[in-house]
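Contents: one structure, followed by commentary.
The values are calculated or read from the model by the stated rules, or taken from the named source; none is laboratory data. Keep in mind the model is a prediction, meaning the values are calculated, not measured. Because the Cβ atoms are built from the backbone with ideal geometry, glycine has one as well, and the counts that use them run over all protein chains shown.
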Amino acid sequence: MIPASLRWHGDATGHLELLDQTLLPARLEWIACRDVDTVVEAIQSLRVRGAPAIGVAGGYGLVVAAGEAIRAGFAPEQARAHVLARGEILACARPTAVNLRWAVERTLGVLATLPDESDAAALGAALLAEARSIHEEDRRLCAAIGRHGAAILPEGGVLTHCNTGALATGGDGTALAVITTAWEQGRRFDVFADETRPLFQGARLTAWELVERGIPVTVLVDAAAGQLLRTGRVAACIVGADRIAANGDTANKIGTYGLALLAEAHGVPFFVAAPSSTFDLRLDTGDDIPIEERSAAEVLRPLGVQAAPDRARAYNPAFDVTPARLIDAIITERGVIRPVNRDGVHAVLAGG
């Protein structure tokens with residue numbers, strides 16, 4: 001049984017609990033978040049990660065903010081201002097994944113429905129109800145993505161990149177849910193997981209999830225993907241997404257673009273699986289997607305092991321953008337977008 005990536009304890013004065021993914025697979029430990037700074041640190045340090053999961057965490061983070069206001073004894077006007085200010089800090093914790101700001105803004109939207117004189121406790125109760133609604137919706141979305149994706153997954157081996165399972169979402173995952181749903185339906189195939197450097201989310205997290213589910217998995221270094229595709233053992237590549245532009249260009253974990261190019265070169269279909277909340281239709285193309293750059297230490301000292309000389313520098317973008325032309329289909333909870341272009345995106349999202 002895969003533990004949930006996050007959970008809320010108690011009422012509006014309770015706290016958010018996060019599974020610390022930086023410790024997996026060696027240790028299973030939870031972090032109690034009783035203030036917004038702890039939530040922000042957990043998001044930025046990847047203790048909680050995956051676009052849908054950090055969106056859910058952002059929603060619950062606003063309840064944490066209301067709890068701060070309750071404990072501080074703020075008057076109604078002060079409490080509302082405090083929650084709004086903390087919401088902006090939460091929304092900016094990571095810039096690429098659009099789900100975070102989307103969830104924060106949606107949760108904050110409930111404040112407009114409350115009287116101005118509502119106290120911090122009333123704000124907290126309303127925010128908690130909305131955060132829980134987002135969390136439950138994500139569970140349902142993951143199940144639908146798994147069903148839609150399993151229906152189009154070809155027979156044969158599957159290669160995935162980064163982690164897109166229960167650890168990355170509020171449910172059973174996006175791209176990984178496609179794999180696990182097909183497996184639960186009785187299909188059998190080889191599953192390959194890129195290590196996903198520099199933080200090894202594929203080796204540490206995806207492989208762990210699959211092993212825990214009893215699904216055999218083969219881990220490979222990212223640079224081995226081309227050779228694996230060349231052998232003909234892979235029938236499809238499937239990945240998640242952190243932000244998708246209106247034309248279908250997709251930002252995902254660094255290395256995804258290179259994998260898509262390799263898949264095209266070897267005639268292997270390349271699929272993206274993501275909920276509709278990952279689409280940012282305000283952005284015309286992927287050129288407009290902000291790309292987060294992270295600490296040099298992640299590259300120079302991966303997992304705390306020195307891998308380069310002290311005076312070496314590092315280039316460490318956390319994401320890259322895969323052009324829509326390289327994507328055979330985008331699997332959403334509303335259906336499959338194919339072909340992947342502006343019209344295809346509009347047709348599926350408008351119909352949901």
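Residue count for segment 288-341 under the criterion of being charged (D, E, K, R), part of a loop (DSSP other than H, G, I, E, B) and more than 20 Å from the chain's Cα centre (by Cα): the result is 6. Quick one: is VAL39 crowded, with 24+ Cβ neighbours inside 10 Å and either out of contact with any Ser or Thr (no Cβ under 9 Å at 6 or more places or on another chain) or touching a residue at least 60 places away in the same chain (Cβ under 8 Å) (or both)? So VAL39 fits the description; yes.
Matching residues to (1) under 21 Å from GLY10 (Cα atoms); (2) outside any helix (DSSP H, G or I):
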| site | (1), (2) |
| --- | --- |
| VAL63 | yes, no |
| ARG71 | yes, no |
| ALA79 | yes, no |
| HIS82 | no, no |
| ARG94 | no, yes |
| TRP102 | no, no |
| GLU105 | no, no |
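Within segment 93-139, can you find the residues that are of a type in the set (Lys, Arg) and either more than 22 Å from the chain's Cα centre (by Cα) or closer than 17 Å to GLY50 by Cα (or both)? Passing the criteria: ARG94, ARG101, ARG139.
For ALA66, the conditions (1) at pLDDT below 95; (2) crowded, with 24+ Cβ neighbours inside 10 Å all hold with the exception of (1). Of note, ARG47 does not satisfy the criterion of being free of Cβ contacts under 8 Å to residues at least 24 places away in the same chain, part of a loop (DSSP other than H, G, I, E, B) and either of a type in the set (D, E, K, R) or not assigned by TED's automatic domain parsing to the domain that holds ALA112 (or both). Kindly check whether there is at least one residue in segment 275-289 that is closer than 20 Å to PRO154 by Cβ and either in the same structural domain as THR169 (by TED's automatic domain parsing) or crowded, with 22+ Cβ neighbours inside 10 Å (or both). Scanning segment 275-289, I find no residue that is closer than 20 Å to PRO154 by Cβ and either in the same structural domain as THR169 (by TED's automatic domain parsing) or crowded, with 22+ Cβ neighbours inside 10 Å (or both), so the answer is no.
All of (1) under 30 Å from ARG27 (Cβ atoms); (2) more than 15 Å from the chain's Cα centre (by Cα) hold for ALA175 with one exception: (2). Before we move on, is ALA131 touching a helix residue (DSSP H, G or I) at 6+ places or on another chain (Cβ under 9 Å) and part of a helix (DSSP H, G or I)? Answer is yes for this residue. So for segment 86-100 (the condition being without any contact (Cβ under 8 Å) to a residue 60 or more places away in the chain, buried (at least 19 other Cβ atoms within 10 Å of the Cβ) and β-branched (Val, Ile, Thr)), does at least one residue qualify? Scanning segment 86-100, I find no residue that is without any contact (Cβ under 8 Å) to a residue 60 or more places away in the chain, buried (at least 19 other Cβ atoms within 10 Å of the Cβ) and β-branched (Val, Ile, Thr), so the answer is no. Would you say ASP310 is surrounded by 12 or more Cβ atoms within 10 Å (Cβ to Cβ) and either free of Cβ contacts under 8 Å to residues at least 40 places away in the same chain or charged (D, E, K, R) (or both)? So ASP310 fails the test.
Residues that are touching a helix residue (DSSP H, G or I) at 6+ places or on another chain (Cβ under 7 Å) and more than 24 Å from ALA296 (Cα to Cα) within segment 207-236 comprise GLU209, ARG213, ILE215, VAL217, VAL219, ALA225, GLY226, LEU229, VAL234, listed in sequence order. Return the residues of segment 244-280 that are in a helix (DSSP H, G or I) and more than 14 Å from ALA51 (Cβ to Cβ); say none if nothing qualifies. Hits for segment 244-280 are TYR257, GLY258, LEU259, ALA260, LEU261, LEU262, ALA263, GLU264, ALA265.
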